[in-house]
Amino acid sequence: MTAPIHRLATFALVAAIAGATCGRPNAARAAEPFGTWLTEDGRARVRTERCGSDATRLCGYVVWGREPNGEDGKPKIDRHNPDPARQARPQLGHQLLLGLKPNAEGRFEGKIYNADNGKTYDVTVWSEQPSALTVKGCMLVFCASQSWKRVADLVPGQLQGPTDGQGGPRSEPEWASGGGRAGATPAGKPSAYGVPAHAR
């Protein structure tokens, strides 16, 4: 399900996330990076939208996985999460893009969470055409890119509900509507992903 991120992480980060472009998303006006996208290897669908707690930021959620179950036949869980309290939650619906900030080039940058190993990586996301989203992940000095394809159809098992609502994906507390004040990680403190909350 989240193997896309795992592969990209293998070269450099995103395991099913990327497809390089070096042009700047300005000429022809950058496309909106919001919607539902099929990862380059077809293993997952990711929904991107404005974060509930900060509309200037980009959040993304895994809303479908080609292989949602593990070897035991049960839904995959976030067992590698560094926060023991989150290790039993399902991978389907977890937040992948952690409140990416817009940069001077009109792209969004920040952290991406890989549920396959419980680690986060640097990522930059942008769209230069409505049908595709470029996701560039980096680990140390190595970077790799993938191109995600926009999808408008629904497939069996895909989450359709609103974020944090019935039948929808779940945002991390600090990115939920209202800033996740209840249980949110205090600014400057390490979050479950080892990244200071609100400083990503």
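Read-outs throughout are calculated quantities, based only on the coordinates presented, and are distinct from any laboratory measurement. Note that the structure is predicted; figures quoted are calculated from it, not measured. Here the Cβ is made from the backbone with ideal geometry for all residues, glycine too, and neighbour counts use every protein chain on show.
Peptide packing: for 71-79, 117-125, 140-148, 85-93, the average count of neighbouring Cβ atoms within 10 Å per residue gives the ranking 117-125, 140-148, 85-93, 71-79, highest mean first. The alpha carbons of segment 121-175 give a radius of gyration and a Dmax of 14.7, 40 Å, in that order. By the rule of a C-alpha distance below 27 Å, with chain neighbours fewer than 8 residues away ignored, the lysines paired with Lys76 are Lys111, Lys119, Lys136, Lys149.
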